[in-house]
1. Collect the residues in the stretch 234-256 that are in a strand (DSSP E or B) and in contact with a helix residue (DSSP H, G or I) (Cβ under 6 Å, 6 or more places away or on another chain), keeping them in residue-number order.
2. Please determine whether any residue of the stretch 36-45 is more than 30 Å from the chain's Cα centre (by Cα), at positive phi, in a loop (DSSP other than H, G, I, E, B) and surrounded by fewer than 18 Cβ atoms within 10 Å (Cβ to Cβ).
3. Restricting attention to the stretch 180-193, and to residues there that are loosely packed, with under 14 Cβ neighbours inside 10 Å and more than 22 Å from the chain's Cα centre (by Cα), which single residue is nearest to residue 125 (Cα to Cα)?
4. Surrounded by fewer than 18 Cβ atoms within 10 Å (Cβ to Cβ) and closer than 21 Å to residue 60 by Cβ: which single residue out of 4, 26 fits that description?
5. Search the stretch 1-34 for residues being over 13 Å from residue 48 (Cα atoms) and in a helix (DSSP H, G or I), and hand back the single one that is farthest from the chain's Cα centre (by Cα).
6. Being in contact with a strand residue (DSSP E or B) (Cβ under 6 Å, 6 or more places away or on another chain) and either crowded, with 17+ Cβ neighbours inside 10 Å or more than 18 Å from residue 140 (Cβ to Cβ) (or both) is the filter here, so list the residues in the stretch 216-225 that pass it.
7. Quick one: how many residues across the stretch 184-208 are part of a loop (DSSP other than H, G, I, E, B), at pLDDT 95 or above and in contact with a helix residue (DSSP H, G or I) (Cβ under 8 Å, 6 or more places away or on another chain)?
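The values are calculated or read from the model by the stated rules, or taken from the named source; none is laboratory data. For clarity, every value in this text was computed on a predicted model and none was experimentally measured. Positions of Cβ are generated from backbone atoms using ideal geometry, with glycine treated the same way; all protein chains shown enter the neighbour counts.
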């Protein structure tokens with residue numbers, strides 16, 4: 001181990017083991033007690049060592065599973081895939097399709113509620129402030145690791161019209177649900193920014209406050225109205241967003257040149 005405080009030297013050793021493959025993504029590191037016994041140090045020193053790796057986002061803590069090694073792969077999401085004309089029919093939404101194409105196992109935690117629209121949401125949807133909107137929230141996981149936090153807002157009457165006012169997930173995704181009920185989206189405006197995670201975002205995504213996130217806001221519309229506003233937040237260092245624009249033949253040429261557009265690559 002290198003010179004420095006004992007906790008830092010233990011962190012350096014664990015980091016080297018993680019990068020060398022001794023500990024693989026999804027593995028549980030020794031508990032604070034186990035690590036203290038192995039290294040002959042106090043539990044406090046072991047805890048400080050683990051916290052160094054948490055701060056570096058090499059590991060995260062799960063209440064029921066302990067300290068888990070994070071996956072360091074980058075997931076590429078082609079954010080125009082959900083509207084491509086040749087997208088196959090599926091019982092899964094676009095996140096699940098992208099995850100499975102990258103060899104990852106997706107999962108979700110879902111919640112929904114009616115709430116009064118704040119000024120920002122009202123501006124996105126073109127509704128009056130404090131009017132009722134449906135907020136549909138999904139925390140998405142890859143291989144049990146918290147991956148992204150997505151909240152979609154719908155005007156109340158539209159949510160009721162398409163059956164989105166339900167306390168459960170829509171497996172096929174809201175893009176298809178909108179289209180099936182005659183509200184298919186024909187236009188989108190995307191805004192993407194990189195910024196530090198707030199304390200609330202850090203708690204949901206199991207990261208350290210200040211970690212840089214990609215904050216992706218998509219506003220969808222058809223010829224008559226704004227249909228929804230979706231805000232998607234994920235770790236900037238673990239995600240890459242791509243757009244494929246143009247005619248299908250040209251997009252296919254790019255796809256053949258680059259290989260699978262949804263492939264995960266090592267960071």
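1. Here is the first cut: in the stretch 234-256, the residues in a strand (DSSP E or B) are 234-235, 239-242.
Once the filter is applied, which keeps residues that are in a strand (DSSP E or B) and in contact with a helix residue (DSSP H, G or I) (Cβ under 6 Å, 6 or more places away or on another chain), the stretch 234-256 yields nothing.
2. Within the stretch 36-45, one or more residues are more than 30 Å from the chain's Cα centre (by Cα), at positive phi, in a loop (DSSP other than H, G, I, E, B) and surrounded by fewer than 18 Cβ atoms within 10 Å (Cβ to Cβ).
3. Checked the stretch 180-193; the qualifying residue nearest to residue 125 (Cα to Cα) is 187.
4. Working: 4 fails: closer than 21 Å to residue 60 by Cβ.
26 is the lone residue from the list that is surrounded by fewer than 18 Cβ atoms within 10 Å (Cβ to Cβ) and closer than 21 Å to residue 60 by Cβ.
5. Taking the stretch 1-34 as the starting set, the residues that turn out to be over 13 Å from residue 48 (Cα atoms) are 1-4, 13, 15-30, 34.
From what is left, the residues that are in a helix (DSSP H, G or I) are 13, 15-20, 34.
Numbers: 13: 29, 15: 24, 16: 27, 17: 27, 18: 23, 19: 23, 20: 26, 34: 32 Å.
Per the criteria, the residue is 34.
6. Pass one, the stretch 216-225, residues in contact with a strand residue (DSSP E or B) (Cβ under 6 Å, 6 or more places away or on another chain): 216-221.
Across the stretch 216-225, the qualifying residues are 216, 218, 219, 220, 221.
7. Kept after step one, since they are part of a loop (DSSP other than H, G, I, E, B), are these residues of the stretch 184-208: 184-186, 197-198, 206-208.
Next cut, at pLDDT 95 or above only: 197-198.
Next cut, in contact with a helix residue (DSSP H, G or I) (Cβ under 8 Å, 6 or more places away or on another chain) only: 197.
The qualifying residues number 1.
Residues are listed down the side, and each one gets a yes or a no for (1) in the same structural domain as residue 238 (by TED's automatic domain parsing); (2) farther than 15 Å from residue 234 by Cβ; (3) over 15 Å from the mean Cα position of the chain (by Cα); (4) at pLDDT below 95:
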position	(1), (2), (3), (4)
99	yes, no, no, yes
127	yes, yes, yes, no
138	yes, no, no, yes
178	yes, yes, yes, yes
